[in-house]
Amino acid sequence: MKGYKELVAEAEAVITTVTVAEAAAQVGKADVIFVDLRGDMELAHTGIIPGAVHVARGILEFVIDPASPYYNTMFGAAKTFIFYCASGGRSALAAQRAQEMGLERVTQLDGGLKAWKEAGYGLDPYQKP
């Protein structure tokens, strides 16, 4: 049986990862969408990267697939998607899956929100839509 560490390592071998500084330079750019994959409780507790959208990891495949009733048209746009989670595991797996589904410009934030906060970058309070 493969464990989560092996699965994350396999994902990291085939995806692109950006540093916190590289990601921070992308905040607010019209062609970049930050995607927060964490759960509602995590969002409420810590906040969200400014301008990020929330897509719970459990529904990612459904919102990416145009054939799904849950499809989100933002995934059909010519954008760069920067996935992040608390520390990088979920976002690595999500970036790998998004690539497999055909998203071309997808990456993950190295170290996740933990690294973002440690680098001193700010967060916005999360407002549930």
(request) Treating cross-link reach as a plain straight distance, find the lysines whose alpha-carbon is under 27 Å from the alpha-carbon of Lys5, omitting any fewer than eight places away in the same chain. (result) Lys114, Lys117
(message) How much accessible area per residue does the range 75-129 have, counting only protein heavy atoms and a probe of 1.4 Å, in square angstrom?
(response) 50
(request) Using a 1.4 angstrom probe on the protein heavy atoms only, line up Val35, Val27, Val8, Val14 by accessible area, largest first. (result) Val14, Val27, Val8, Val35
(request) Would you kindly state how much longer the chain becomes between Gln127 and Ala44 on full extension, computed as 0.36 nm times their sequence separation minus their alpha carbon distance, in nm to one decimal? (result) 29.1 nm
(message) I need to check one value: relative contact order of the chain, counting alpha carbon pairs closer than 8 Å and at least 6 residues apart, in percent.
(response) 33
(request) Keeping the other protein chains in place, figure out the carbon and sulfur percent of the accessible area of the chain, with a 1.4 Å probe. (result) 56
(message) Please report the spacing between the Cα centers of the range 111-125 and the range 12-38 in Å, no decimals.
(response) 12
(message) In the range 25-47, whose amide N lies under 15 Å from the spot 7 Å out along Cα-to-Cβ of Thr19? List them in ranges.
(response) 25-26
(request) Give the value in nm², to one decimal: projected area of the alpha carbon convex hull of the chain, averaged over all directions. (result) 8.0
(message) Taking a virtual spin label 7 Å from the Cα of Thr73 along the C-beta vector, which residues in the range 40-58 bring their backbone nitrogen under 19 Å of it?
(response) 53-55
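The values are calculated or read from the model by the stated rules, or taken from the named source; none is laboratory data. Quantities reported herein were computed from a predicted structural model and do not represent experimental measurements. Cβ coordinates were reconstructed from backbone atoms using ideal geometry, including for glycine residues, and neighbour counts include every protein chain displayed. The protein model used for the area step is the full one, side chains on, heavy atoms only, and it has no ligands, DNA or RNA in it. Shrake-Rupley method; radii C 1.70, N 1.55, O 1.52, S 1.80 Å.
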